[in-house]
Amino acid sequence: MDLTWSDAEEAFRAEAREWLQANVPESPLPSGDTREGFALHLEWERRLFDARWAVVSWPEQYGGRDATLWEWLIFEEEYYRAGAPQRVTQNGIFLLAPTVFEFGTQEQKDRILPRMAAAEDLWCQGWSEPNAGSDLAAITSRADRVDGGWRLNGQKTWTTRGAFCNWLFGLFRSDAGSERHRGLTYLLVPLEADGVTVRGFGRLDGDEGFAEVFFEDVWVPDENVLGGVDDGWNVAMATTSSERGLTLRSPGRFVATTDRLLELYRSGGDPAPSPARLHGRGLRDRVVRAWIDAEAYRLFTLQAVTAAVEGRPPGAEASLNKLWWSEMDVRLHETALDLLGPDAEREGAWSKGWQFALSGPIYAGTNEIQRNIAAERILGLPRR
Amino acid sequence: MDLTWSDAEEAFRAEAREWLQANVPESPLPSGDTREGFALHLEWERRLFDARWAVVSWPEQYGGRDATLWEWLIFEEEYYRAGAPQRVTQNGIFLLAPTVFEFGTQEQKDRILPRMAAAEDLWCQGWSEPNAGSDLAAITSRADRVDGGWRLNGQKTWTTRGAFCNWLFGLFRSDAGSERHRGLTYLLVPLEADGVTVRGFGRLDGDEGFAEVFFEDVWVPDENVLGGVDDGWNVAMATTSSERGLTLRSPGRFVATTDRLLELYRSGGDPAPSPARLHGRGLRDRVVRAWIDAEAYRLFTLQAVTAAVEGRPPGAEASLNKLWWSEMDVRLHETALDLLGPDAEREGAWSKGWQFALSGPIYAGTNEIQRNIAAERILGLPRR
Amino acid sequence: MHFGFTDDELLLRDAVRALFERECPPDVVRAAWDAESLDRRVWDALAQMGVPGVLVAEASGGLGLDELSLVLLLEESGRAALPHPMVETAAVAAPLLGAGLGARLVATDLGGVLVPCAGDADLLLLRAPDGLRAFERAAVTVVPEPTVDRARRAGLVQCRPEDGTLVTGDEGAIDLAFDRGALGTAAQLVGLAQRMLELTVAYAKERRQFGVPIGSFQAVKHRLADALLQVEFARPAVHRAAWSVAHDVADRARDVSMAKAMASDAALHVAGAALQCHGAIGYTVEYDLHLWMKRAWALARAWGDGGWHRDRVGRAIGV
Amino acid sequence: MHFGFTDDELLLRDAVRALFERECPPDVVRAAWDAESLDRRVWDALAQMGVPGVLVAEASGGLGLDELSLVLLLEESGRAALPHPMVETAAVAAPLLGAGLGARLVATDLGGVLVPCAGDADLLLLRAPDGLRAFERAAVTVVPEPTVDRARRAGLVQCRPEDGTLVTGDEGAIDLAFDRGALGTAAQLVGLAQRMLELTVAYAKERRQFGVPIGSFQAVKHRLADALLQVEFARPAVHRAAWSVAHDVADRARDVSMAKAMASDAALHVAGAALQCHGAIGYTVEYDLHLWMKRAWALARAWGDGGWHRDRVGRAIGV
């Protein structure tokens, strides 16, 4: 065990920190889940790309730095510490790109990845449907074989930032007679295509963070199939716990939030300091627990990255990872709101963060599903 | 709404308090779940009976005082406040007696109730079997029809204080071809009968609180059938949330324990006061929560007794009642142990109480079963 | 000893519930989010029934009832997520100002710096150095403040004490007014929790995944059973506190604080369970759940949050 | 950066695990409850492998390893619910006393007033006004004290300081000894939790009710998934704290306290889940679970409980 960073890693950290200090906007951008905010975020994404900080762990040829997973973790720590803007490109970079790296043809890599890194193409995810949420395998959106490509019909929903993106990656039922996980194909769909209708709608915090996407005889060419035809489920799942680590939820975000929580505690609550609020009510213990939770998540991640670096394949512990960060994030914000007391209902970073945290136990597989997975795949309890 | 006691009720309380003050043993009796302790508890039970405090809510003819449910609650409050001994007769009084009142013939009432009240007959429960716990309807112990009675074969287990009792009430499969809830008969079995073997075994706290009871061609006469033949399930269940309120878990116990907890908190922990233990760790908030929990349980009970007095039938809310008191009892004792810190591992009232509290979420239908009942019968969620 | 309500109390409750079902569907709540001024139709209907004067003596033109009726009606207003300041008007102001409020709306800063409906109120009851003062709307400045539940229409109020009339300088009377506010808010929280639970149970019965209603999964069942448990134990605490206020017993402050702490916790707990059992649909503003959930977040911490009130209980019980 | 163990560290761990599986089955734990004196066969076997000297330099006859090896071995001792004072001997005493302990057992009051195996120890390390002193068993009086886990064989120790030898008067050295004790106990708690979880998973697969294994019920699955989560996140905290002690970093106390707090909470959490998922069988002394559960209750609060250690973390991080 060696919990120190090498000189090269420290140098990488210093470079990242210096650039971020010089470039992170002084006042926070408006939410990237509004139309105006999204545009401002794109400027930021392009500045990141120009300085080659957009996709540090990617090969240089696609706009990255060939950074190690350790360097990626360091970058993320610095990114959140600097209070840099939310990454509106993250669904492409964290969810689609690992799949392209693993299943894409060279032509697809060259076509997709540089434009994704440069925030020229903006990707949203098309997995969930009105009747396929936790039960994702119930997908009914169809892709019918036509000459040289596919004709799409159906509906996707809960598509994050769908109203602001120009490409969608999604799963479609390509074998009309198939059921459940079989007969699905992973397709890349331009949202400007004829027959596509995108309707944005409001998330809990009021931002237009979601979209429904309707497909009516939409044509996509064969070159937009990622991985094998009818093999979409495996393609999509293979990278959900990618050994490239790119789908790791980086601890930097929670460590940074916890630092803000400690500040809030020390300041006695914002905006009206009132020490009486804090004593004898267990709030100090909860603040310490929050710090411990975030630190434990950082350690769990170091352990996972060590395993990845040593080439040990990741397993169902991705479920544990998700349970931890999502529920920690809720508790952490709840503690902040309890510190704020009556001021908690004010709109602001904590109330926004709280509402966002609440989505954690729901999206990317509800925590009920994650607990099933942990119990069945790690502990070996019977599926029934 | 009127939350005051009448003069008659206050007089009843004063009489009970005075008698208890004069009669409760000065130093606590040894556990009633040991052979020696049980004998000492019987002396106490008989003293209670002689003063007509054993079964206050029963008719006078069976040894009671015809007390109202309100008076019963008052008596229980005073009983626990006085630190009076655990009732080793409670399984008869609280579980069997309501059934006898509802389903027993006059001959059975006259035969069973006075001797139960006087602690001359000591009753234990024979419901669970090795393979029928949460799934009680899986009972396989058999009662076969023979001339003038029944021949019993099989095994019961988790029989509380079974090794010290002389009678068992239990459910037996009287219709050999029946399944699940049907074809069971509620029978009263003398443990001195030929063919009965009782083996006591140790509970978590080391006391011989449990027994296994084996039946090998045990004969019981027809007069020992309670309620209808083959109707035992309904007979047993009809009184699990008895409108007579006798199966209510009285709040007095928890209120008294909470008072002890407040004392413990105020004393800074026993035996080595150390105020540093108590500050900044959320313990004060937990102590207040414990008090609130117990008080809320008292209010919930007042509401339930009001409904009972008004003749409204109780329903599935008995499940809520059980969830609340059993989980509150665990939290309450856990808080006490955390106040004690390193002294918590010492044998003593709190550690004994903690171990006992842990049985609450398990016995009388696990809390998993209770939550199923609450969700299905109160909220109407589908059984699946 | 009798822990229950009279038939008359329950009949009035049923009438008010029917009024809310008719006059205050979710669309009315939703409309309050962005309306220039608060639509008063529901409130006028309530006023016609005399509800704002529930605590005012009959001789003074009120209903002459006590806090037991009050909490039953406020629980209904919580169920409806009524945007109007019913706690502030009926529970806090009316007993102090007596007759003559009619259909007027009152706002107050007794429950916190953020004053709900400050801009919509006809009258404001504000803390001043010498006690509690009443101000006409025109006599104060209101700065709207963005909060998570926009139907609360919260604002910050600036005033010059001399522009108002002294209502009372008696700290005991102000404490009682605060206790009525906290009690009333607790009742609303129970109503909010109850409604969120009902909404979620209905959804869990209907929504199907894996070929079955999601309400048949044990995880969903147990979470909703826990939510029910919280509501069913918070409610009697509110009812008892109502009795304690009505009879001004020695333990009044303790009982109100216990009720507010339990109701705050129950509502937050149920909101969490409701959102998780709904999944993504609950996370949208198009679905109604968020209207109740955000009110619960706000009210759970207004008039003192759970920790604040447990602290007060602790002082009362000597720890 | 490398958050993992070397093959050598893991090989030694595996060898010790095998030893415990062979020499310390549940019967050995059970026998320690009532035995007049502690059976030393397991300990002698450990001593033959050099385990008590894991932290002692090779030059002094030890294994010359560090706290990373120590916690791996102590986790195994927790899994086995070893009744011998391995933390006290290998983690606390050996680094202070150096070579020559051999197979001797050490007891200490550094972790609390209740001294485990006080009557069985050959040597006692006790706090004295001038520091830490070592006493031969014959030089002290031991009063056995009944505790829930009788295999802890706890007692209260009385001594006259002048009957012992001063080991160290340096507060820093004593703090380090305490941190090693807390760290070692945290490792044992993780092992205890792991074993209770395994026992319960095995039972839940086998025990049938309603015609299916109880482990197929979602309530049981989710409870055990939560238990797993606690263990899997506590373990890296223990490993990191071992590194921090081995390298005596500035954050050593913080890291040890975080580890002990997490391990204490995890073990208590898993004990609760294990008992509930077992049901009545877990509530008997004939079944083995209680041997682990009671050890967890005791160790969770020895050497500082979760709250005590979070308080210490809080001071380290400035809240």
What are the semi-axes of the equivalent ellipsoid for chain D, taken as the square roots of 5 times the Cα gyration tensor eigenvalues, largest first, in whole Å? 32, 22, 19
Across peptide C:140-150, what mean number of C-beta atoms from other chains lies inside 10 Å of a residue's C-beta? 3
At A:Met237, label 7 Å along Cα→Cβ: distances to the other copies, nm, ascending? 4.0
Inter-chain shielding metric for B:298-305, i.e. average beta-carbon neighbours from other chains within 10 angstrom, reads 5
Relative contact order as a percentage, chain B, C-alpha pairs under 8 Å and 6+ apart, gives 13
B:Asp135 long-range amide H proximity, modeled H, under 5 Å: D:Phe210
For a quick check: with amide H placed at 1.01 Å from N, whose amide H comes under 5 Å from C:Gly62's, ignoring anything fewer than 5 positions away on the same chain? C:Ala57
May I ask which residue of A:Val56, A:Gln21, A:Ser319 lies farthest towards the positive end of the charge dipole of chain A, with charges of +1 (Lys, Arg) and -1 (Asp, Glu) on Cβ and the Cα centre as origin? A:Ser319
Can you run phi through the Karplus equation (6.51, -1.76, 1.60; θ = phi - 60°) for segment C:226-234 and list ³J(HN,Hα) in whole Hz, with x for Gly and Pro? 5, 4, 4, 4, 4, 5, 5, 8, 6
How far is A:Glu192 from itself in the other copies, in nm, if each label sits 7 Å out from Cα along the Cα-Cβ line, shortest first? 9.8
So if I take the centroid of the Cα atoms in segment C:1-48 and the same for segment B:88-135, what is the distance between those two points in Å? 51
If we sort B:222-235, C:252-265, D:287-300, B:26-39 on the protection proxy, mean other Cβ atoms within 10 Å, highest first, what's the order? C:252-265, D:287-300, B:222-235, B:26-39
Give a residue-ordered list of calculated ³J(HN,Hα) values for segment C:70-78 (Karplus: 6.51 cos²θ - 1.76 cosθ + 1.60, θ = phi - 60°; whole Hz; x for Gly, Pro). 3, 5, 4, 6, 5, 4, 5, 5, x
Cα axis of helix C:289-301 to longest principal axis of chain C: angle in degrees, 0 to 90, nearest 10? 50
Over segment B:245-378, with a single point scatterer placed on each C-alpha, what log10 of the ratio I(q)/I(0) does the Debye formula yield at q = 0.10, 0.16, 0.21 1/Å? -0.37, -0.83, -1.21
Axis-nearest residue in chain C [Cβ, rotation onto D], distance in whole Å: C:Gln218, 2
Cα centroid of segment D:73-134 to Cα centroid of segment C:285-313, whole Å: 51
Calculated label separations, C:Asp251, copies of the chain, 7 Å along the beta-carbon direction, nm: 4.8
Here segment D:262-270 yields Karplus 3J(HN,Hα) values (6.51, -1.76, 1.60; θ = phi - 60°; whole Hz; Gly and Pro given as x) of 5, 5, 4, 5, 4, 5, 5, 4, 5
Using the crude model of +1 on Lys and Arg Cβ and -1 on Asp and Glu Cβ, and no other charge, please compute the dipole size for the protein assembly as shown relative to its Cα centre, in debye to 20. 560
Shielding of C:293-303 by partner chains, average beta-carbon count, 10 Å: 3
Can you give the % of DSSP beta bridges in the protein assembly as shown that are antiparallel, to the nearest 5? 85
If the rule is a partner Cβ under 4.7 Å, which cysteines in the protein assembly as shown fail it? C:Cys24, C:Cys117, C:Cys159, C:Cys277, D:Cys24, D:Cys117, D:Cys159, D:Cys277
Residue farthest toward the positive end of the dipole of the protein assembly as shown, with Cβ of Lys/Arg at +1 and Asp/Glu at -1: which of B:Pro114, C:Gln188, A:Asn234? A:Asn234
Computed Rg/Rh for the protein assembly as shown (Cα atoms; Rh = Kirkwood radius) stands at 0.97
Honestly segment A:103-253 on the Cα gyration tensor test (a ≥ b ≥ c root eigenvalues; a/c under 1.5 rounded, otherwise a/b vs b/c for prolate or oblate) is just rounded
Nearest 5 percent is fine: what portion of the DSSP beta bridges confined to chain C is antiparallel? 85
Counting only Cβ atoms, what residue of chain A lies nearest to the axis that sends chain A onto chain B, and how many whole Å off? A:Gly282, 1
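Coordinate-derived values only; no laboratory data. Quantities reported herein were computed from a predicted structural model and do not represent experimental measurements. Ideal geometry is used to build each Cβ from the backbone, glycine not excepted, and the neighbour counts take in all protein chains shown.
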